[in-house]
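Worksheet: one structure, shown below.
The values are calculated or read from the model by the stated rules, or taken from the named source; none is laboratory data. These numbers were taken from a predicted model, which means no experiment stands behind them. Every residue, glycine among them, receives a Cβ derived from its backbone with ideal geometry; neighbour counts consider all protein chains shown. In case anyone asks, the SASA skips ligands and DNA or RNA and just uses the protein heavy atoms, side chains included. Shrake-Rupley method; radii C 1.70, N 1.55, O 1.52, S 1.80 Å.
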Amino acid sequence: MTAQTQTHEPAITPELVAQHGLKPDEYQRILDLIGRAPTLTELGIFSAMWNEHCSYKSSRLHLKKLPTQAPWVIQGPGENAGVIDIGDGQACVFKMESHNHPSYIEPYQGATTGVGGILRDVFTMGARPIACLNLLRFGAIDHPKTRHLVSGVVAGIGGYGNSFGVPTVGGSTAFHSSYDGNILVNAMAVGLARANEIFYAAATGVGRPIVYLGSKTGRDGIHGATMASAEFDENSDEKRPTVQVGDPFSEKLLLEACLEIMAKGCVVAIQDMGAAGLTSSAVEMGAKGNLGVELNLDLVPCREPGMTAYEMMLSESQERMLMVLHPEKEEEAEAIFRKWGLDFAVIGKTTDTLRFVVRHQGAVKADLPIKKLGDEAPLYDRPHVAPAKPAKLDASKLSEPMSVAAALKKLVACPDLASKRWVWEQYDHLILGNTVQPPGGDAAVVRIDDGPKGLALTTDVTPRYCFADPVEGGKQAVAEAWRNITAVGGKPLALTDNLNFGNPEKPEIMGQFVACLEGIGEACRALDFPIVSGNVSLYNETQGKAILPTPAIGGVGLVTDVTKSVGLAFRSAGETILLVGESEGWLGQSIYLREILGREEGAPPPVDLAREKVNGDFVRELIVGDLVTAAHDLSDGGLAVALAEMAMAGKLGAKVFGPDGESAAAWFGEDQGRYLLTASSDKLDEIIGKAKAAGVKIAPLGETGGDALVLGSAPPVLVQELLDAHENWMPTYMAGELAA
């Protein structure tokens with residue numbers, strides 16, 4: 001059957017093809033596949049399915065190298081979200097995705113729909129969402145748009161999550177000039193399901209009804225996925241109409257209705273209408289099930305009059321699902337959706353033709369080979385240049401322009417290390433009543449049902465490391481997430497990633513991508529920490545300026561008993577502070593080097609993955625055995641900043657022996673694989689004995705107590721003075737009271 005065209009449809013010109021993000025050779029590939037010129041609707045369908053955001057055409061060759069399996073992995077990459085077994089017949093379902101481009105253009109709606117989309121990915125699998133996290137990167141604090149973007153994104157995340165009724169329990173917020181024209185908004189959602197009741201996208205059975213569920217279709221978000229696959233230029237604000245508009249209250253209704261019809265056994269297959277909307281969801285369900293799909297767009301619920309087939313197929317209106325139902329359950333499913341006040345419309349059926357046929361107003365608007373829409377998408381082995389390895393920085397030759405105490409006060413108040421309370425207090429992190437460890441620590445801990453089990457959740461990445469040495473930076477991002485989960489007593493189980501990079505058509509950017517994946521894969525294998533879901537976001541650059549490579553890592557771990565989980569705060573006076581791990585004093589690419597000396601150079605600290613594993617397993621054993629009262633991993637700012645963070649969290653001082661030489665490198669070096677612990681004196685012999693048996697270096701550093709932090713021979717710094725500097729930066733900045 002040949003798709004019919006109508007006279008008012010525009011001719012398919014090279015200019016129109018280019019406007020759809022397709023290169024001439026890709027268009028020729030389409031002509032070869034279907035043997036004729038496509039209709040406008042078909043061109044739009046190919047544009048949606050073959051853009052970078054949906055097809056992973058530049059990345060999937062390299063993604064195959066990542067470890068995705070483990071005995072506890074139920075579902076790895078390829079579905080709406082990853083699924084892991086957490087025991088007792090329960091499964092954890094989670095994923096992270098980006099909404100970077102929309103959030104730069106329209107920060108509130110871009111962020112809200114990012115949260116809404118990732119929540120749908122989780123409950124599409126049959127899981128009830130229990131937590132959200134995010135990772136945010138903004139431009140320089142003196143850039144004229146930064147404050148506006150921070151305000152809008154944070155309000156959007158809070159506005160959606162709070163209204164939907166899921167706690168936002170963790171995240172990461174930082175600033176760098178590379179994000180001036182292209183911010184990052186990465187959203188992560190986590191849900192719970194029964195391990196034997198997971199729902200998938202693959203349709204089965206011929207002649208079964210395809211049902212449209214949820215909110216009506218509008219013109220918002222048309223070409224949203226295509227926009228996400230292109231770099232910005234000076235006209236990016238004109239793309240505002242391609243940003244979707246979210247409604248968290250409708251999504252809450254959609255969640256409850258979906259879970260109810262799943263429980264009633266109505267659902268054969270289900271797919272969220274996310275990027276590329278109706279096109280992507282219908283094609284994926286049919287193709288994964290080796291079935292054809294026929295759609296009648298006359299039956300699609302629309303909220304705007306006169307919508308064309310092209311507009312309906314490419315709309316990214318939110319809060320919509322596509323399902324294949326058991327025919328005998330159709331009436332029951334419809335009654336449930338009507339009860340929740342949502343649209344329910346049978347808009348098509350499965351077929352045995354392996355064709356994707358779209359009809360509208362008596363005409364066939366598309367008739368395409370359904371498998372080839374996905375399977376025949378371009379796959380590029382893009383040229384890539386391995387980044388040059390930077391030289392190690394000689395810390396002994398660096399000047400020390402201020403005292404340790406003065407440097408510490410400046411660092412705890414710098415944009416990246418200052419408290420983000422202003423951000424997370426706009427999120428409801430306590431709703432549902434299961435948040436055990438709130439935002440602000442190494443990882444959040446959320447109780448599962450009534451306990452005692454819980455999930456430890458974190459997001460992290462250090463982009464400056466990834467830029468300087470992508471292999472080490474990739475390793476460190478995974479190791480940091482692994483340490484964060486370990487520091488609250490969790491056993492790291494699996495991760496999701498969000499790989500944010502610039503234009504992959506530039507060999508140096510593709511080189512960053514390939515090298516980061518090499519490091520990520522190496523760390524995942526060494527730490528038994530597989531990747532079960534994720535997202536690739538490329539073309540994050542504006543007018544030729546790329547962001548720092550930012551492979552965000554979202555980690556999930558299991559806490560067997562949440563009552564034993566520890567935080568980072570000093571708990572009581574008179575406890576011994578212990579340092580786990582080796583300290584060389586590595587200042588290359590450190591926060592100290594950047595904020596105090598104004599330099600960004602040198603190699604980042606190397607990551608010894610074998611040592612990470614040994615040290616982390618040891619720390620976790622101490623926490624689970626009730627031998628320590630607090631734990632904190634060392635990262636940005638090294639030993640001094642970690643001590644300050646523990647002191648500020650507990651509003652309690654400490655006196656600490658000075659490391660050898662008491663140099664800035666010793667206090668602020670960012671050597672990896674290290675933790676700070678506190679323990680009562682009667683537990684020290686047992687702890688040191690266990691460390692010796694495990695081959696772990698551990699050293700007493702000092703004792704908690706008093707109202708000041710005393711670092712070696714440096715003058716005391718009042719904890720309240722540190723707190724004031726740490727807590728005040730963000731609200732002062734957002735109020736516009738800092739000098740630009």
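Between a first residue in segment 13-25 that is among the β-branched types (Val, Ile, Thr) and a second residue that is outside any loop (DSSP other than H, G, I, E, B) and open to solvent by less than 60 Å² (accessible area, probe 1.4 Å), which pairs have beta carbons less than 8 Å apart while being 6 or more apart in sequence or on different chains?
Qualifying pairs under 8 Å: Val17/Tyr27; Val17/Leu43.
How many residues are open to solvent by less than 20 Å² (accessible area, probe 1.4 Å) and in contact with a Lys or Arg (Cβ under 8 Å, 6 or more places away or on another chain) if we restrict to segment 55-71?
Going through segment 55-71 one residue at a time, the tally reaches 1.
Among the residues in segment 292-305, are any buried (at least 16 other Cβ atoms within 10 Å of the Cβ), out of contact with any strand residue (DSSP E or B) (no Cβ under 7 Å at 6 or more places or on another chain) and acidic (Asp, Glu)?
No - not one qualifying residue is present in segment 292-305.
Name the pairs whose Cβ atoms lie under 8 Å apart, with the first residue in segment 515-540 and among the polar types (S, T, N, Q), the second part of a loop (DSSP other than H, G, I, E, B) and crowded, with 21+ Cβ neighbours inside 10 Å, and 6 or more positions between them or separate chains?
These pairs meet every condition: Ser533/Ala81; Ser537/Ala228; Ser537/Phe501; Asn540/Asn182; Asn540/Phe501; Asn540/Gly502; Asn540/Ile547.
Among Met96, Met125, which is the only one that is in a loop (DSSP other than H, G, I, E, B) and buried (at least 24 other Cβ atoms within 10 Å of the Cβ)? Break it down stepwise before answering.
Values: Met96 fails: in a loop (DSSP other than H, G, I, E, B).
That would be Met125, the only listed residue that is in a loop (DSSP other than H, G, I, E, B) and buried (at least 24 other Cβ atoms within 10 Å of the Cβ).
Within segment 314-361, restricting attention to residues that are within 35 Å of the chain's Cα centre (by Cα) and among the hydroxyl-bearing types (Ser, Thr, Tyr), which residue is nearest to Gly289 (Cα to Cα)?
Restricting to residues being within 35 Å of the chain's Cα centre (by Cα) and among the hydroxyl-bearing types (Ser, Thr, Tyr), the top hit is Thr350.
Residue-wise test of (1) under 19 Å from Arg382 (Cβ atoms); (2) open to solvent by less than 50 Å² (accessible area, probe 1.4 Å); (3) assigned to a loop (DSSP other than H, G, I, E, B); (4) in contact with a Lys or Arg (Cβ under 9 Å, 6 or more places away or on another chain).
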| position | (1), (2), (3), (4) |
| --- | --- |
| Pro10 | no, no, yes, no |
| Ala18 | no, no, no, no |
| Gly21 | yes, yes, yes, no |
| Asp25 | yes, no, no, no |
| Leu43 | no, yes, no, no |
| Ser47 | no, yes, no, no |
| His53 | yes, yes, no, no |
| Ile74 | no, no, no, no |
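Can you confirm whether segment 509-523 contains a residue that is over 30 Å from Trp72 (Cα atoms), among the charged types (D, E, K, R) and modelled with pLDDT of 95 or more?
The initial filter retains those residues of segment 509-523 that are over 30 Å from Trp72 (Cα atoms), namely 509-512.
Okay, now just the ones that are also among the charged types (D, E, K, R), so none.
Within segment 509-523, none of the residues are over 30 Å from Trp72 (Cα atoms), among the charged types (D, E, K, R) and modelled with pLDDT of 95 or more.
Sort out which residues of segment 99-122 are open to solvent by less than 10 Å² (accessible area, probe 1.4 Å) and touching a Leu at 6+ places or on another chain (Cβ under 8 Å), and write them in order of number.
If the condition is that a residue be open to solvent by less than 10 Å² (accessible area, probe 1.4 Å) and touching a Leu at 6+ places or on another chain (Cβ under 8 Å), then Asn100, Ser103, Pro107, Leu119, Arg120 are the ones that fit.
Please tell me if Ala174 is at pLDDT 95 or above, among the small types (Gly, Ala, Ser), crowded, with 24+ Cβ neighbours inside 10 Å and not in a helix (DSSP H, G or I).
Judged against the criteria, Ala174 is not a match.
Do we find that Asn196 is surrounded by 23 or more Cβ atoms within 10 Å (Cβ to Cβ) and modelled with pLDDT of 95 or more in this structure? Explain how you work it out, then say what you get.
Details: surrounded by 23 or more Cβ atoms within 10 Å (Cβ to Cβ): no; modelled with pLDDT of 95 or more: yes.
When the stated conditions are applied, Asn196 does not pass them.
Give segment 584-602 a look and list any residue that's open to solvent by 10 Å² or more (accessible area, probe 1.4 Å) and either outside any loop (DSSP other than H, G, I, E, B) or closer than 15 Å to Pro463 by Cα (or both), or say none.
Gln589, Arg594, Glu595, Ile596, Leu597, Glu600, Glu601, Gly602, listed by residue number.
Is it true that Gly246 is in contact (Cβ under 8 Å) with a residue 12 or more places away in the chain, touching a Ser or Thr at 6+ places or on another chain (Cβ under 9 Å), assigned to a loop (DSSP other than H, G, I, E, B) and open to solvent by 10 Å² or more (accessible area, probe 1.4 Å)?
Details: in contact (Cβ under 8 Å) with a residue 12 or more places away in the chain: yes; touching a Ser or Thr at 6+ places or on another chain (Cβ under 9 Å): yes; assigned to a loop (DSSP other than H, G, I, E, B): yes; open to solvent by 10 Å² or more (accessible area, probe 1.4 Å): yes.
Yes, satisfied.
If you take just the helices (runs of 4 or more DSSP H) that sit entirely in segment 360-474, which of them hold at least 3 residues that are open to solvent by less than 60 Å² (accessible area, probe 1.4 Å)? It would help to see each step written out before you state the result.
Details: elements: 370-375, 404-412, 421-424, 463-468.
Those helices (runs of 4 or more DSSP H) span 370-375, 404-412, 463-468.
Has segment 713-736 got at least one residue that is open to solvent by 50 Å² or more (accessible area, probe 1.4 Å), over 18 Å from Leu411 (Cα atoms) and of a type in the set (A, V, I, L, M)?
Restricting attention to segment 713-736, the residues satisfying the condition of being open to solvent by 50 Å² or more (accessible area, probe 1.4 Å) are 713, 715-716, 718, 720-721, 724, 728, 731, 735.
Next, from what is left, pick out any that are over 18 Å from Leu411 (Cα atoms): 713, 735.
Next cut, of a type in the set (A, V, I, L, M) only: 735.
Yes, some residue in segment 713-736 is open to solvent by 50 Å² or more (accessible area, probe 1.4 Å), over 18 Å from Leu411 (Cα atoms) and of a type in the set (A, V, I, L, M).
Would you confirm, using the coordinates I've provided, whether Gly669 is under 22 Å from Leu417 (Cα atoms), of a type outside the set (S, T, N, Q) and either without any contact (Cβ under 8 Å) to a residue 12 or more places away in the chain or surrounded by fewer than 16 Cβ atoms within 10 Å (Cβ to Cβ) (or both)?
On the way: under 22 Å from Leu417 (Cα atoms): yes; of a type outside the set (S, T, N, Q): yes; either without any contact (Cβ under 8 Å) to a residue 12 or more places away in the chain or surrounded by fewer than 16 Cβ atoms within 10 Å (Cβ to Cβ) (or both): no.
Against the criterion (under 22 Å from Leu417 (Cα atoms), of a type outside the set (S, T, N, Q) and either without any contact (Cβ under 8 Å) to a residue 12 or more places away in the chain or surrounded by fewer than 16 Cβ atoms within 10 Å (Cβ to Cβ) (or both)), Gly669 does not qualify.
Which one of these is touching a residue at least 12 places away in the same chain (Cβ under 8 Å) and more than 20 Å from Pro401 (Cβ to Cβ): Leu676, Leu597, Leu587?
Details: Leu597 fails: more than 20 Å from Pro401 (Cβ to Cβ); Leu587 fails: more than 20 Å from Pro401 (Cβ to Cβ).
Exactly one residue qualifies, and that residue is Leu676.
Mind listing just one residue for me: the one in segment 128-162 that is of a type in the set (A, V, I, L, M) and part of a helix (DSSP H, G or I) and, of those, most open to solvent (accessible area, probe 1.4 Å)? Spell out the reasoning first.
Step one: list which residues in segment 128-162 are of a type in the set (A, V, I, L, M), which gives 130-131, 133, 135-136, 140-141, 149-150, 153-155, 157.
Cutting the leftovers down to part of a helix (DSSP H, G or I) gives us 149-150, 153-155, 157.
Values: Leu149: 3, Val150: 0, Val153: 0, Val154: 1, Ala155: 37, Ile157: 8 Å².
Only one residue tops the list, namely Ala155.
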